[in-house]
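Notes for the one structure printed next.
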Amino acid sequence: MTAQRDTPPSRDGLFRTKSVEQSIRDTEEPEHALRKSLSALDLTVFGVGVIIGTGIFVLTGKVAKETAGPSTALAFVVAGIVCALAALCYAEFASTVPVAGSAYTFSYASLGELVAWIIGWDLVLEFALGTAVVAVGWSGYVRSLLSSIGWNLPGVLSGTDATKGFGFDILAFVLVLVLSFVLVLGMKLSARVTSIVVAIKIVVVLIVIIAGAFFVKASNYTPFIPPAKPQPAGSGLTATLTQELFGYAPTNFGLMGIFTAASIVFFAFIGFDVVATAAEETKFPQRDVPRGILASLFICTVLYVGVSLVVTGMEHYTELSVEAPLADAFKAVGQPVYAGLISFGAAIGLTTVCLILLLGQTRVFFAMSRDGLLPRFFSVTHPRFRTPYRPTILLGVVIAIVAGFTSINELAALVNIGTLFAFVVVALGVLVLRRTRPDLHRAFRTPWVPLIPVLSVAASVWLMLNLPVETWLRFILWMALGVVIYFAYGRRHSGLNEPVGRP
């Protein structure tokens, strides 16, 4: 590695920065150090594990029937390109600042403390809510599998919904607690568990693609891009922001329907940025984190395209079911055994999604605590396992309770807007750090700067504008609460308030 000057951090104002060198030194303090045990393969497995979830089993058919038809495959390509633009920016930062915290840590080094706090607060919402939502979804699949063999949980232990009323989702609650325990025991154990589960999940997906290919009818691909249909316009809080600001309502089907579908299937890609949160626990982060991010994104895009082509080839898009399109497509061609296999794969797959989102949540919380923006009590690692056990236990219990008592369908969109906001901040951070610290050694460099970061910002903002107004309002309220907490606690306790030579 080439020599780098240790630029002292800016310590005045809301946009004071924490130098890359100081961030790396903080990871070397024994009391706050995480164990380095992960490889590029581990990171790729984490990425695939968190990306492949309900999207590949449910969202594919829903979007094909309602928005894009067979051209859903192209929508996955478009969404994958948007994520790839962001992934290139994440890869440069992760190789330059191999510290826990992902976008939070990156923005602290480039855009300043207030922006870092805001993005950290945003990630806390994204990962916590995402974990709870996925746990509830996992519980639904498991209950379905149990009912197929005659085991039915009491309604009061099956969660809260409009039909059953108030209840407690015992399965979602227990899942989050068990996964929190696994994370406390160590990253390598988490990686081994994830590797086994991801292997099962990929095998199930490949079986679906290969088996389904034998039942594809070429006539179902006609027309590949169905004629455009105006989408029913929303109103008030349910309207998209583009409609409220510009009067533009998204179009179903047709060429523009592909882009409308891309903004929907983007949900299926959420999570690849979690790989960057594990940079500090990687043996060779400068080399392996970019590989893990880009490899996992590529693998999942290929699988998504394959599944979408199979499901629209097996059954005409107008006849696909919305609730369980893949399973029902196999039933439609007289193969019910595969329906059970798909449900099993979905249940298995959501386990790793939940585990890795919980991992990302605890690492961001840990990094913010180590910087003093949250109580330092949470930045002490376990003396034996070298994991951030205190925030893992705290957040695990809180998220388990939320998952047990809450039906969070409407709030799921907050996960999407939070992720896109992080993409914007990271892309801007690459541009800023290229200007302010051109001397930094970058093991991986985002190509074609500033074009790639600018395109990443533009694409992310466009997808954000296609979200409902009510999602924006909830997001703004959460951010406002975060700003209040920053001024009430974080700013006064920040590590940047301490002398430069602090131990």
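The helices (runs of 4 or more DSSP H) located wholly in segment 264-373 that include 1 or more residues which are under 14 Å from the mean Cα position of the chain (by Cα) and buried (at least 24 other Cβ atoms within 10 Å of the Cβ) occupy 274-277, 285-314, 336-370. Given the criteria touching a helix residue (DSSP H, G or I) at 6+ places or on another chain (Cβ under 9 Å) and crowded, with 24+ Cβ neighbours inside 10 Å, does L394 qualify? Taking the combined requirement at face value, the residue does not satisfy it.
Selection of segment 432-456 for residues being part of a helix (DSSP H, G or I) and surrounded by 21 or more Cβ atoms within 10 Å (Cβ to Cβ) yields L433, P453, S456.
When each of V99, V115 is tested for being outside any helix (DSSP H, G or I) and aliphatic (A, V, I, L, M), the lone residue that passes is V99.
When each of G429, G482, G404 is tested for being touching a strand residue (DSSP E or B) at 6+ places or on another chain (Cβ under 6 Å), part of a helix (DSSP H, G or I) and not acidic (D, E), the lone residue that passes is G404. With respect to being touching a residue at least 40 places away in the same chain (Cβ under 8 Å), touching a Leu at 6+ places or on another chain (Cβ under 8 Å) and among the charged types (D, E, K, R), E315 falls outside the description. Consider segment 452-502. How many of its residues are β-branched (V, I, T), under 21 Å from W121 (Cα atoms) and within 22 Å of the chain's Cα centre (by Cα)? Within segment 452-502, residues that are β-branched (V, I, T), under 21 Å from W121 (Cα atoms) and within 22 Å of the chain's Cα centre (by Cα) number 5. Would you pick out the residues in segment 1-52 that are of a type in the set (D, E), surrounded by fewer than 19 Cβ atoms within 10 Å (Cβ to Cβ) and either touching a Lys or Arg at 6+ places or on another chain (Cβ under 6 Å) or modelled with pLDDT of 80 or more (or both)? The answer is E21, and nothing else.
The values are calculated or read from the model by the stated rules, or taken from the named source; none is laboratory data. None of these values were measured; they are calculated from a predicted model. Neighbour counts run over all protein chains shown; Cβ positions are idealised from the backbone, glycine included.
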